[in-house]
1. Would you please give the residues with an amide H less than 5 Å from that of I115, counting only those at least 5 places away or on a separate chain, with H modeled from the backbone geometry?
2. Mind listing which GluC sites (Glu not before Pro) in segment 78-162 are in a DSSP loop and have 16 or fewer other Cβ atoms within 10 Å?
3. Just need the Rg to Rh number for the chain, please, alpha carbons only, Kirkwood Rh.
4. Take a quick pass over segment 22-178 and tell me how many lysine pairs come in under 17 angstrom between Cα atoms, counting only ones 8 or more apart or on separate chains.
5. Would you mind calculating the gained length between N4 and D48 on full extension (0.36 nm times residue separation, minus the Cα-Cα distance), in nm to one decimal?
6. Using amide H atoms built in the peptide plane, which far-off residues or other-chain residues are under 5 Å from S63 H to H?
7. Using the Cα centre as the reference, give the magnitude of the dipole from point charges on the C-beta atoms of segment 23-144 (Lys, Arg: +1; Asp, Glu: -1; all else neutral), rounded to the nearest 20 debye.
8. 5 Å is the cut-off here: which amide hydrogens, built 1.01 Å from N in the peptide plane, fall below it relative to I97, excluding neighbours closer than 5 in sequence?
Amino acid sequence: MAPNIEFDEVNHLTQQATGKQRNVLVESARIARGTIQDVKDVSTQDIDALILPGGFGAAKNLSDFAIKGADATVNPEVQRILEEMLSAKKPIGAICIAPATVAKALGNNKVTVTIGNDSQTANAIEQTGSKHSQCTVDDICIDEDHNIITTPAYMLGPGIKDVAIGINKLVVEVINRA
């Protein structure tokens, strides 16, 4: 699932805006290569668990944490589904920078997440009301009280073989809790 919203396209070679726009839902379907739904049409009753993938889009399209840090706003439908998952005590996984969006959305609940050891981002997470826990790339952070599992992935990892270890642990943990 993804929000059905338009955002500025970024050339990831130059990190510059292209002047064009892309639809997040359409791009998500392209990347997933499968059936995908608008997040507004998904209820917690429809799913057993939720995993937010990382990448710049997670901190730009699901929230504006990439631009505003602790002052970010979470997409209303993403906010809703995260709150519903928390309330239903269903597992939430977040990878790479996506834990920052979870922290902003659920900070009033004092959730614990990790993005690794980047002090500036960790500080912004703490400013949301959430807690940050340092973690290595090959490990996961588990917030037992809130059923949230996070891993730093490319916030730390030098390569895919390194980030895969933590991501695999996260996926297994989320599935085991579902």
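1. Answer set, sorted by chain and number: S133.
2. Answer by residue number: E144.
3. Rounded to two decimals, Rg over Rh is 0.94.
4. 8
5. On the way: separation 44, 0.36 × 44 = 15.84 nm, distance 2.21 nm.
Taking 0.36 nm per residue and subtracting the Cα distance, the gain is 13.6 nm.
6. N75
7. About 160 debye.
8. Here the answer is G55, since their amide H atoms fall under 5 Å of that of I97.
FYI, it's all coordinate maths here, none of it is from the lab. Only a predicted model underlies this, so the values are computations on that prediction, with no experimental measurement involved. A quick note on method: Cβ atoms are made from the backbone with ideal geometry, for glycine too, and the neighbour counts reach across all protein chains shown.
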